[in-house]
Amino acid sequence: MSYQSQTTTAAQLIAGNGTPWSGIDAEAVARMRLQNRFACGLDIARHTAEIMRRDMAAYDADPAAYTQSLGCWHGFIAQQKMISIKKHFGTTKGRYLYLSGWMIAALRSEFGPLPDQSMHEKTSVPALIEEIYTFLRQADARELGGLFRELDKAREAGNAIEEQRLLNAIDNHETHIVPIIADIDAGFGNAEATYLLAKKMIEAGACAIQIENQVSDEKQCGHQDGKVTVPHEDFLAKIRAVRYAFLELGIDDGIIVARTDSLGAGLTKQIAFSREPGDLGDQYNAFLDCEEVGDIAQANGDVIINRGGKLLRPKRLPSNLYQFRPGTGADRCVLDCITSLQNGADLLWIETEKPHIEQIAAMVDRIREVIPNAKLAYNNSPSFNWTLNFRQQVFDAWEKEDRDLSAYDRARLMSADYDGTELGAEADERIRTFQRDAAARAGIFHHLITLPTYHTAALSTDNLAREYFGDAGMLGYVQNVQREEIRQGIACVKHQNMSGSDIGDDHKEYFAGEAALKAGGVHNTMNQFAA
């Protein structure tokens, strides 16, 4: 509904209630309604699911249409990211947000900083989703509020052309609300626990939920050792639980991202149930590292399985975990992915130990032999040493080409000595085009960085502390922070406006008219930043 239609509708409602509503202004009602476009989290989930589905179809038609996101651990960080995207690119299209369980554990738990092992409060996940969307809705309100004030000025000046331009801008305003891919870890318990938490996440606004095939009580960060996977039927029960949560809440096109950690997981907690040779349980068990029983003496508590008519003893560790045969990770990943897509998942996530396009593509090629439109969300993780990995890849490629590598020492490629070299430049170019190239070659629809704002917060704080507490003193803040905010047009330099002060002033005027005591008067020091 257009701004003018909203105003007309509000005027009719006010008139219908007679004198008691005479102090209510129809245009103010229209403005408040437009500034609060999404009444609840389910409205957001429906809207953003539609966005993701359209983007997925666009990627299927053209792999150049991949999408991206950055991980955020606070609503303010998410808000500033989307404001920045609109400022630099004019649109939020193809840009999402990622909600990382790692960052919630490290930064949002009441227990204090925790490792990524699902020890944090599960309620902190939907709470952060709700917080992020609260900040993004406020970004909408702030931006529209600025347009409304400009509209009032155009009318006061009698500038009809500018008035119409602003009305068009209001009617075509693009929201800061974008899809969140939200990390539910391994479901924080059994399938029922997964379902209950998924509902809370969806009610908070999540349209896409990412779940991994690790054991809930043994869950480990994807880039650390000691990962333990579950049999497929256990994981599929959780995928179905998430789907039921979406359907119960009326989000019929919600997105499930099925993550496999099998590439780096060498352990399982249980042997899969199998009814007959070749079924899913049997395929899972086929990867177990076993030895034939034969005449081998059986130890107390040994577990014996029958495979192809042979009695085998799976190797069990003192931890009571069973280990897989070395070198089976890629095969297990392929089976995981195919099985997940065949049972309700929409996107895949393969957790790898390095950013290597051909490694990912080799698995995706096999998956696509069965599921032609299979596509991935991929973790462009800060756990990778990108500089070292890509310099090694270039070095190895050049070595195969018999190029002269006498100027380089592969063991020292991270050294700053190589920053200005041809090899360093080639590695940086491959990093720059990694997302584009991986989208085209390896089926990656969505590229995300899980923990970027964790690192940027630490880096910027270190730089400020070094300058401010050193010889630079106050100049360390002014020169490196405030002056750069002004020069680069960072909206947050007007922090009172960003916090909602002007929105509050608008409301005061709506509620109290001429009696309103507004904060944005001539003595507000934010006026110093008007230039």
Checklist line | Any chance T421 is hydroxyl-bearing (S, T, Y), in the same structural domain as S69 (by TED's automatic domain parsing) and farther than 30 Å from A65 by Cβ | finding: yes
Note to self: Looking only at residues that are in contact (Cβ under 8 Å) with a residue 40 or more places away in the chain and of a type in the set (S, T, N, Q) in the range 111-140, which one is surrounded by the fewest Cβ atoms within 10 Å (Cβ to Cβ)?
What the structure shows: T123
Margin query: Every residue in the range 313-327 that is farther than 16 Å from Q283 by Cα and either polar (S, T, N, Q) or touching a Leu at 6+ places or on another chain (Cβ under 9 Å) (or both), please.
Written below: K315, L317, S319, N320, L321
Check: Within the range 446-464, is even one residue crowded, with 19+ Cβ neighbours inside 10 Å, hydroxyl-bearing (S, T, Y) and farther than 23 Å from W349 by Cα?
Finding: no
Check: Looking at the range 404-413, is at least one residue closer than 30 Å to K375 by Cβ and out of contact with any strand residue (DSSP E or B) (no Cβ under 9 Å at 6 or more places or on another chain)?
Finding: no
Checklist line | Of all residues in the range 96-110 being in contact with a strand residue (DSSP E or B) (Cβ under 6 Å, 6 or more places away or on another chain) and either surrounded by fewer than 16 Cβ atoms within 10 Å (Cβ to Cβ) or at pLDDT 95 or above (or both), the one that is farthest from H447 (Cα to Cα) | finding: L99
Next item on the list: Kindly indicate whether G145 is on the phi > 0 side of the Ramachandran plot and either of a type in the set (S, T, N, Q) or at pLDDT 95 or above (or both).
Entry: no
Check: How about the range 417-475: which of its residues are among the aliphatic types (A, V, I, L, M), farther than 27 Å from Q393 by Cα and in contact with a helix residue (DSSP H, G or I) (Cβ under 7 Å, 6 or more places away or on another chain)?
Finding: L464
Notebook entry, point to check: Could you list, in sequence order, the residues of the range 151-196 that are in a helix (DSSP H, G or I), surrounded by fewer than 16 Cβ atoms within 10 Å (Cβ to Cβ) and charged (D, E, K, R)?
Noted result: D152, K153, R155, E156, E162, R165, D171, E192
Notebook entry, point to check: Looking at (1) within 21 Å of K199 (Cα to Cα); (2) in a loop (DSSP other than H, G, I, E, B), which is the only condition L247 fails?
Noted result: (2)
Check: Among L267, L247, which is over 19 Å from the mean Cα position of the chain (by Cα) and at pLDDT 95 or above?
Finding: L247
Margin query: Looking only at the range 344-355, how many residues end up being out of contact with any strand residue (DSSP E or B) (no Cβ under 9 Å at 6 or more places or on another chain) and buried (at least 18 other Cβ atoms within 10 Å of the Cβ)?
Written below: 0
Next item on the list: Please work out which residue is surrounded by the most Cβ atoms within 10 Å (Cβ to Cβ), limiting yourself to the range 492-518 and to residues that are within 34 Å of the chain's Cα centre (by Cα) and not in a helix (DSSP H, G or I).
Entry: K494
Notebook entry, point to check: Which condition does L147 not pass, out of (1) in a helix (DSSP H, G or I); (2) exposed (fewer than 14 other Cβ atoms within 10 Å of the Cβ); (3) without any contact (Cβ under 8 Å) to a residue 60 or more places away in the chain, if it passes all the others?
Noted result: (2)
Next item on the list: Working carefully through the options G521, G489, find the one that is closer than 23 Å to M32 by Cα, among the small types (G, A, S) and either exposed (fewer than 13 other Cβ atoms within 10 Å of the Cβ) or touching a Lys or Arg at 6+ places or on another chain (Cβ under 8 Å) (or both).
Entry: G521
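The values are calculated or read from the model by the stated rules, or taken from the named source; none is laboratory data. What you see is a predicted model, and the numbers here were worked out from it, not measured in a lab. Ideal geometry is used to build each Cβ from the backbone, glycine not excepted, and the neighbour counts take in all protein chains shown.
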